[in-house]
1. Rounded to the nearest 10 degrees, what's the angle between the helix 47-60 long axis and the longest principal axis of the chain, both from Cα atoms, 0 to 90?
2. Could you bin all the Cα-Cα distances of the chain into 5 Å bins starting at 0 and give me the percent of pairs in each, rounded to whole numbers?
3. Please give the contour-minus-distance gain from LYS32 to SER134: 0.36 nm per residue of separation, less the Cα-Cα distance, rounded to one decimal in nm.
4. Using label points projected 7 Å from each Cα along Cα→Cβ, tell me how many nm separate GLU142 and GLU48, to one decimal.
5. Can you tell me the FRET efficiency between SER24 and SER75 if r is taken as the Cβ-Cβ distance and R0 is 35 Å, rounded to the nearest 0.05?
6. Longest segment of the chain with no trypsin sites (Lys or Arg not before Pro) in a DSSP loop having at most 10 other Cβ atoms within 10 Å?
7. Two decimals is fine: what's Rg over Rh for the range 113-174, C-alpha atoms, Kirkwood radius as Rh?
8. What is the projected area of the convex hull of the Cα atoms of the range 77-160, averaged over all directions, in nm²?
Amino acid sequence: MTKTCTKCQSEKEASEFYKDSRNSDGLRSWCKVCSIKSDKSWQKRNPEKYATNNENWRNRHKEDLKEKRKIYLSSEAGSEKVRETEAVWRKTSPKYKAKVLNRRIAKMNRTPEWAKNMMKDYMPLMIKFRNALSKRAGVRYEIDHIIPLQAKPVSGLHLPWNLQFLPASKNHSKQNKFELEKQGV
């Protein structure tokens, strides 16, 4: 089935028109290309109203959007997109680069001189074991400092006996904190 666009006067396939149940044929009178051009033009002329309309629509559909986002992020395509976006952010963000640099400096400062060669040999083994544990458990594990290197009341050393394996979610919830009461100190 074909239809003529009332805006550009071109005859096009029905699939080239948006649906509109108010019209007798169930399609809009303008083709998709003309509709998009018109919408973009209106958006440029009315940025405040466009922003308000968008915000109102998002508020009305908040629960639906949450559910769709959850489904998308749990899909392979969604998680891949998140990984790509985070990778770009890590490469370009000065904030992230500063955080990584500060962490590296803290680790160097918290490794005693006598232990530096030992840690060079030890860490690749820890990483290998962490990867095997993650694969076996089906959960991402991380190497965590029991007493964080940059905690407030105390700071630990970067040594084998201050390291442990934790699931990533648990490690992130710890947030570089160390509570003396929990440790019996």
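1. Helix 47-60 sits roughly 70 degrees off the main axis of the chain.
2. 1, 6, 8, 9, 11, 12, 10, 7, 5, 6, 6, 6, 5, 4, 3, 1, 0
3. This chain segment gains 31.9 nm when fully extended.
4. Calculated label separation equals 4.4 nm.
5. So the FRET efficiency works out to roughly 0.35.
6. Excluding the exposed sites themselves, the longest stretch runs over 23-181.
7. Here Rg/Rh amounts to 1.00.
8. 7.4 nm²
All of the numbers you see were taken from the coordinates with simple rules; none came from a lab. Here the structure is a predicted model, which is why all the values come from computation and not from measurement. Neighbour counts run over all protein chains shown; Cβ positions are idealised from the backbone, glycine included.
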